[in-house]
Amino acid sequence: DYVRTLATSAEHALAMIDDILDLSRLEAGKLTLRPDAVDITALVRETVQLAAPRAHEKGLEIGIVQSADAPTRIEGDAARLRQILFNLIGNAVKFTRQGGIRIDIGCAPAGDGRPRLALSVSDTGPGISQLDQQSLFEHFERGAAERDGTEGGAGLGLAMVRRLVEAMGSSMGVESRLGEGAKFWVI
């Protein structure tokens, strides 16, 4: 148990340092994206497999729903896409006590007529107040669950995710009501 706790603490510290470094690179305009052909279905499955043990420890279901018209291959930076998804899925698992997490892979209309990937991560957690949603993507901002001590975090993950999404020429947002879970989307 002690070794497991140490390993988990070390992983958390390393992830926080990586987030801080990535955020610094993004802010300085020094983060280089490496676009390549990405099998988005495989990438989402791999990311869910990484998060599944923690979800299952909490008794949560975690699943993927892919629409028939969703692009299967996209041009993007696989490592950064995985980082975005892992952060969103990790937050959903962290803040959800019962129920589950759903990852949707879909298609959004694009102005040029080409299919555009739409991803969303939904949970059955406590939801996010309108007030917290206004500052959720800012540096060091923490939601109510983190402020009241029931969950921890530095408040950097979503700020970094939003900057990565914007660096890729995409946008993201959140839809939520208290008591009704949350849905984070990326288009």
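Can you say what percent of the DSSP beta bridges in the chain, counting only those with both residues inside, are antiparallel? Round to 5. The antiparallel fraction comes to roughly 80 percent.
Each of Ala10 and Ala37 was given a label point 7 Å from its Cα along the Cα-to-Cβ line. The distance between the two points is 3.9 nm.
Split the accessible area of the chain by element, probe 1.4 Å, and carbon with sulfur accounts for 54%.
When shorter helices are ignored and each DSSP H run of at least 4 residues is given -39500 (n - 2.57), the per-residue value for the chain at 222 nm works out to -14500 deg cm²/dmol.
Annotation: per residue accessible area for the chain equals 57 Å², rounded to a whole number [probe 1.4 Å, protein chains only].
Computed as a quarter of the hull surface, the mean projected area of the alpha carbon convex hull for region 27-68 stands at 5.2 nm². For the chain, the calculated P(r), taken from all Cα-Cα distances in 10 Å bins from zero up to the bin holding the longest distance, is 9, 36, 39, 15, 1, 0 percent.
List the lysines whose Cα lies under 16 Å from the Cα of Lys183, skipping any in the same chain that are fewer than 8 positions away. Hits, sequence-local ones excluded: Lys94. Regarding region 22-91, what is the average projected area of its C-alpha convex hull, in nm²? For region 22-91, the mean projected area of the Cα convex hull comes to 5.6 nm².
The values are calculated or read from the model by the stated rules, or taken from the named source; none is laboratory data. These figures come from a predicted structure and were not determined experimentally. Methodologically, a virtual Cβ is constructed for each residue, glycine included, from the backbone with ideal geometry; neighbour enumeration extends over all protein chains shown. Heads up: the accessible areas ignore ligands, DNA and RNA and are worked out on the full protein's heavy atoms, side chains in. Shrake-Rupley method; radii C 1.70, N 1.55, O 1.52, S 1.80 Å.
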